[in-house]
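Working notes for the structure below.
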Amino acid sequence: MADYSFKADGRISDWERDKLRNFCATLEGDIVSLAREFGLKVLVEDLLPYERGYLQNAPSYGSPSGWVVKLNQQDRAEVQNFTVAHELGHFVLHKAHLAGRDIFDGRINRDSQSATDPFIYLEPSDQIMESEANQFATALLMPANQFRPAFSRLAGDQSALAKLFFVTEKAVKRRVAELALG
Ligand SMILES: [Zn+2]
């Protein structure tokens, strides 16, 4: 799996790339503040158990873009952290697909979906978009130039890496695979 790079992605504008690069440079930034800089408001709500979050076009919340990120209040902070980065990925990379939608990255007819069948994709390309949003999130939260040395220093300890980058061990595993460190 090739490592994703913001630099090589033509869908990201110059000012967006600057903000992403600044965030990656320190890792001291807060992902919710970053999302706000992109015009998004982040809200924690009572979602369905299998829902991590989604984007909603709801101007009544008063965000500059009109869009908000909804997070599941039952999720651990590390999971919420990744979800914000994932939804920001959709917001930046998939702008064209957001047009005309009220909800993005949610589920069709959400009430009828059971926890054992959570993934009803809206169109064939959605699995590609999912994978792109995940790559965006790992690149943002675990920048390669920081993750590689940390992986060496901590001898690949996934639990320690998860703590350091404030993500789940599952996210660390994904990053280890992306950077072919495993
Ligand atoms: Zn998604």
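Here's the picture: charge each Lys and Arg Cβ at +1 and each Asp and Glu Cβ at -1 in the range 1-112, and of Leu40, Ala96, Gln56 the one pushed furthest to the positive end of that dipole is Ala96.
Quick one: length gained pulling Ala155 to Gln73 fully straight, 0.36 nm per residue minus the C-alpha distance? Can you show the working numbers first?
Numbers: separation 82, 0.36 × 82 = 29.52 nm, distance 3.33 nm.
The span from Ala155 to Gln73 would gain 26.2 nm if fully extended.
With protein chains left intact and a 1.4 Å probe, residues in the range 16-91 average 45 Å² of accessible area per residue.
Given a 1.4 Å probe and the protein chains as shown, Lys173 ends up with an accessible area of around 110 Å². Listed by chain and number, the lysines whose C-alpha is less than 17 Å from the C-alpha of Lys7, apart from same-chain residues fewer than 8 away, are Lys19. The alpha-carbon of Lys170 sits under 18 angstrom from the alpha-carbons of these aspartates and glutamates, leaving out residues fewer than 8 places away in its chain: Asp3, Glu51, Asp75, Glu78, Glu87, Glu130, Glu132, Asp157, Glu178. In order along the range 153-160, phi translates into HN-Hα couplings of 4, 9, 6, x, 5, 5, 5, 5 Hz, rounded to whole numbers, per the Karplus curve 6.51 cos²θ - 1.76 cosθ + 1.60 with θ = phi - 60° and x for Gly and Pro. Counting only protein heavy atoms and using a 1.4 Å probe, the accessible area of Leu71 comes to about 10 Å².
Given their separation in residues at 0.36 nm each and the Cα-Cα distance between them, Asp14 and Glu45 gain 7.9 nm when the chain is fully extended.
Tell me, how many Å apart are the Cα centres for the range 1-71 and for the range 124-182? For the range 1-71 versus the range 124-182, the Cα centre distance is 17 Å.
Note down the magnitude of the dipole of the range 1-114 about its Cα centre, charges +1 on Lys and Arg C-beta and -1 on Asp and Glu C-beta and zero elsewhere, to the nearest 20 debye. Each step should come with its number before you reach the end.
Details: 14 positive and 17 negative charges, 53 e Å.
Approximately 260 debye in magnitude.
Rounded to the nearest 10 square angstrom, Thr26 shows an accessible area of 70 square angstrom against a 1.4 Å probe.
At most 12 other Cβ atoms within 10 Å and a DSSP loop assignment: could you name the GluC sites (Glu not before Pro) in the range 1-45 that fit?
Glu28
In the chain, the DSSP beta bridges split such that about 60 percent are antiparallel, to the nearest 5.
The values are calculated or read from the model by the stated rules, or taken from the named source; none is laboratory data. Since the model is a prediction, treat every value here as computed from it, not as a measurement. Every residue, glycine among them, receives a Cβ derived from its backbone with ideal geometry; neighbour counts consider all protein chains shown. SASA here: full protein model, heavy atoms, side chains in, ligands and nucleic acids out. Shrake-Rupley method; radii C 1.70, N 1.55, O 1.52, S 1.80 Å.
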